[in-house]
Amino acid sequence: MSTEETGKQYNNEELFSKAVRAGKRTYFFDVKATRAGENYLTITESKKRFDQQTGKFYYEKHKLFLYQEDFDKFETALKQVYEYIATGKVPQSYLDEMAEEEQRKAEEEQRKKEKEFTDIDFEDLDKKDDAADDNDDEK
């Protein structure tokens, strides 16, 4: 099947599939396309189970959908997890991300604080003075 043919299939047919058997589980990595022609990945974990009531086997499935715009983030996270498992140490790339996030939050909080003190409407001050004058006139 050519790439032109696979690009035209939008009815959730698999464009590419890979199965990984791991003990009692099987993982399916399936590439599909949205109606707009964007590829996405489904990861399905399938476990064979036995139903005591019916006496029959069935497959319990759990699916994860991963869209193309998230592939880089997913790949980065997987690499960090693999690195942690291999070394037992938190990867520097993860620590850098957390430091950047903390910096971003601190800057956002600072902007909020500055905005609180700089959003003064001087017309509101006149209204308060007018209300005070009205109260003085009533006395």
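Does the stretch 113-122 contain any residue that is farther than 23 Å from L15 by Cα, assigned to a helix (DSSP H, G or I) and modelled with pLDDT of 90 or more? Checked the stretch 113-122: no residue is farther than 23 Å from L15 by Cα, assigned to a helix (DSSP H, G or I) and modelled with pLDDT of 90 or more. In the stretch 50-92, which residue that is surrounded by 12 or more Cβ atoms within 10 Å (Cβ to Cβ) and of a type in the set (S, T, Y) is nearest to L15 (Cα to Cα)? So the residue we want is Y67. Residue count for the stretch 45-83 satisfying the condition of being touching a Leu at 6+ places or on another chain (Cβ under 9 Å) and either over 29 Å from E97 (Cα atoms) or not assigned by TED's automatic domain parsing to the domain that holds E14 (or both): 1.
Does the stretch 24-49 hold any residues that are exposed (fewer than 10 other Cβ atoms within 10 Å of the Cβ) and farther than 14 Å from E14 by Cα, and which are they? Within the stretch 24-49, K24, A36 meet the criteria. Remark: pairs (first residue in the stretch 88-106, within 18 Å of A77 (Cβ to Cβ); second residue among the acidic types (D, E) and modelled with pLDDT of 95 or more; Cβ separation under 7 Å; 6+ apart in sequence or on different chains) = P91/E83.
The values are calculated or read from the model by the stated rules, or taken from the named source; none is laboratory data. Since this is a predicted model, take the numbers as computed values, not measurements. Cβ: placed from backbone, ideal geometry, glycine included. Neighbour counts: every protein chain shown.
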